[in-house]
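Accompanying notes for the structure given below.
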């Protein structure tokens, strides 16, 4: 029997790891467990786990070593989406084509589900079958990406900027934290598992930074061009909430040009890896071309 190609196999691996890590609805508190599973297992691109696997395999890691960081980064991403959708944040009723967690389970349960998913992400890393120094590096990388110097800090900046003015440099700093930090952490955790040296880690960080920016620019374009059905979430939210976006600052054509430039930067950063970076290059291309 022919083996499944890498990304297809990796997707199955991370789904199995997530299923095993999440608490069952047969155990109490069942309502909280159901909300956690609703947040994580309801589909999604799984881009961040794929980046973990692709960076890890490109640098020589075994796939089994990558299961824990791949699942952990997706659990943390799910936590961020649950809290991002809350009425006090972006106040969205739909995520991945389904009711958001606070709509389906109530606001208090959504807050607790997000908290529990964040804790579970670090538990998965702490319990991973990997050398202690590797687990410590993973934990430090993910914690830095999640906190005030990363995703949470970026969200705070985003909320402060809503309805105000922001220059392009400020918008890039905001999204380097809110969106980019977790993407960079995904690549870095995979590369740590592969034993990448400092020079290669720096090149991969350049790749991840460009992919993170491209991802956000594409999000801003899709918010204008795509429907809610295509996106699986409410379209047109940026304009409705008076958010500063790349389209707003650069125009639609300018945002498209910047998107392609970031994709080229990502591909160029992978030069030393040659053919081993094929999937990483493909993920950069997907970020540019995705329709949801």
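Only one of these is touching a helix residue (DSSP H, G or I) at 6+ places or on another chain (Cβ under 6 Å) and not in a helix (DSSP H, G or I): 244, 279, 211. Name it. Write out each step before concluding.
On the way: 279 fails: not in a helix (DSSP H, G or I); 211 fails: not in a helix (DSSP H, G or I).
Just a single option satisfies the conditions, and that option is 244.
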Count of the stretch 47-83 residues which are under 13 Å from the mean Cα position of the chain (by Cα) and in contact (Cβ under 8 Å) with a residue 60 or more places away in the chain
14
Filter result for the condition that a residue is crowded, with 16+ Cβ neighbours inside 10 Å and in contact with a strand residue (DSSP E or B) (Cβ under 7 Å, 6 or more places away or on another chain), over 179, 234:
234
Applying the selection to the stretch 193-215, what residues are under 12 Å from residue 141 (Cβ atoms) and surrounded by fewer than 23 Cβ atoms within 10 Å (Cβ to Cβ)?
201, 205
For the structure I just gave you, tell me whether residue 285 is in a helix (DSSP H, G or I) and more than 22 Å from residue 161 (Cβ to Cβ).
yes
Look through 182, 171, 139 and report the one residue that is closer than 30 Å to residue 25 by Cα and in contact (Cβ under 8 Å) with a residue 40 or more places away in the chain.
182
Where in the stretch 8-118 are the helices (runs of 4 or more DSSP H), entirely inside, with at least 2 residues that are modelled with pLDDT of 95 or more and surrounded by fewer than 16 Cβ atoms within 10 Å (Cβ to Cβ)?
30-40, 63-84
Which of the residues belonging to the stretch 143-166 are more than 15 Å from residue 212 (Cβ to Cβ) and touching a residue at least 60 places away in the same chain (Cβ under 8 Å)?
159, 161, 162, 163, 164, 165, 166
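The values are calculated or read from the model by the stated rules, or taken from the named source; none is laboratory data. If you're wondering where the values come from, they're calculated on a predicted model, not measured in any experiment. Counting neighbours? That spans all protein chains shown, and the Cβs are built from the backbone with ideal geometry, glycine included.
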